[in-house]
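A short worksheet on the structure shown next.
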Amino acid sequence: MASVAQTIFRSVTRGSNASKQVSIARCLLSAATSKSYSTGKTYENIIVESAGEKNNVGVIRLNRPKALNALCNALFVDLEDALNDMEKDSNIGCIVLTGSEKAFAAGADIKEMQNQIFSEVLGGGFLNHWNVITRCTKPTIAAVNGFALGGGCEVAMMCDIIYAGEKARFGQPEILLGTIPGAGGTQRLPRAVGKSKAMEMCLTGDPITAQEALQFGLVANVFPVDSLLDEVVKKASKI
C-alpha cells in the first residue's frame, strides 16, 4: 500500500510537465562542500554532515527516496539522535534540515497509522516523535527543495527559518484523505501566512509555490534549486 506521502504527491503532481532533475550530479556538488559528521554514526533514514568554512553547520538530510522521504517513527528516532549529538557539539552553531530535490518530505507514512485509533496515537506518544525539532535548543533551518506536503510542511514549519528552492511547493492536503494537519499545521500555518490563506490551504488541499510562500511570509527567501543548500549553509554559518 502506498504511503500517505506518495498518495498526496501523486494527487498534487498529476498533470505536471516538470522535467527530470539531475539529482546525482547536484548531490556530488553539494558533497564537495561538506563532510561526514564527526560522531561516526550512520543512520538508515538520514544522512548527517557538517558544512561551512568552519564546519560549524550541522546538515541533516532526510533519506527515504523511494518513499519520497515519508516521515516514519524510525526516521524520527534517527533525527532525534542526530539532533542530540549536534546540540552537544559546541562547534555546531546552527542545524540545517533538508531532503532531496524531488521532495523535502511529502507527508507522513500512513502504514504506521492506518490501523490505529486516535486514543492509541495520542497515548502511544506518536506526536512526541514529531516534536524533536521544536525541542532542539539550537537554531534550525529548513532548506526545502521539491515538495513539502502534509507532515513535510509541518516539519519545515517547526524549524526557525525556512528557505526554499525555486521549484518548491508547500501544502496541507490532508483534507484529500479526509483528515486534518495533525502535527501543528493548523496552528503554525495561520501564524505564518494569515488565517484566511491557511484555511484555504487546509480546506482545499491546494499547494502554493515557492514564490507564493515568499509572498505570504512562509519562507524567508527563494534560491535556485542548484544553489539552495550552499546559500542556506552560508546563512547558517553566520548564526
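The values are calculated or read from the model by the stated rules, or taken from the named source; none is laboratory data. It should be emphasised that the depicted structure is a prediction, and the values quoted were computed from it without experimental measurement. Heads up, the Cβs are rebuilt from the backbone with ideal geometry, glycines too, and the neighbour counts pull from every protein chain shown.
Just a few scattered comments:
- In region 57-97, the residues that are touching a helix residue (DSSP H, G or I) at 6+ places or on another chain (Cβ under 6 Å) and under 16 Å from Cys136 (Cβ atoms): Val57, Gly58, Ile60, Phe76, Ile92, Cys94, Ile95, Val96
- Pairs are defined by a Cβ separation below 7 Å, a sequence spacing of at least 6 or placement on different chains, a first member in region 228-239 that is in contact (Cβ under 8 Å) with a residue 40 or more places away in the chain, and a second member that is in a helix (DSSP H, G or I); the pairs so defined are Leu229/Ser30.
- Some residue of region 87-104 being modelled with pLDDT of 90 or more, surrounded by fewer than 20 Cβ atoms within 10 Å (Cβ to Cβ) and not in a loop (DSSP other than H, G, I, E, B): yes
- Only residues that are more than 17 Å from the chain's Cα centre (by Cα), within 15 Å of Ile161 (Cβ to Cβ), at pLDDT below 95 and not in a loop (DSSP other than H, G, I, E, B) were counted in region 180-239, giving 1.
- The residues of region 153-195 include none that are more than 24 Å from Lys102 (Cβ to Cβ) and touching a residue at least 60 places away in the same chain (Cβ under 8 Å).
- Glu44 meets all of the listed conditions (1) surrounded by fewer than 19 Cβ atoms within 10 Å (Cβ to Cβ); (2) closer than 15 Å to Leu97 by Cα but one, namely (2).
- Number of residues in region 193-224 that are touching a Gly at 6+ places or on another chain (Cβ under 8 Å), crowded, with 18+ Cβ neighbours inside 10 Å and within 15 Å of Ala148 (Cα to Cα) equals 7.
To keep it simple, each residue is scored yes or no on (1) in a loop (DSSP other than H, G, I, E, B); (2) in contact with a Gly (Cβ under 7 Å, 6 or more places away or on another chain).
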site	(1), (2)
His129	no, no
Val132	yes, no
Ile162	no, no
Leu176	no, yes
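- Residue within region 16-36 that is modelled with pLDDT of 55 or more, buried (at least 19 other Cβ atoms within 10 Å of the Cβ) and of a type in the set (S, T, N, Q) present: no
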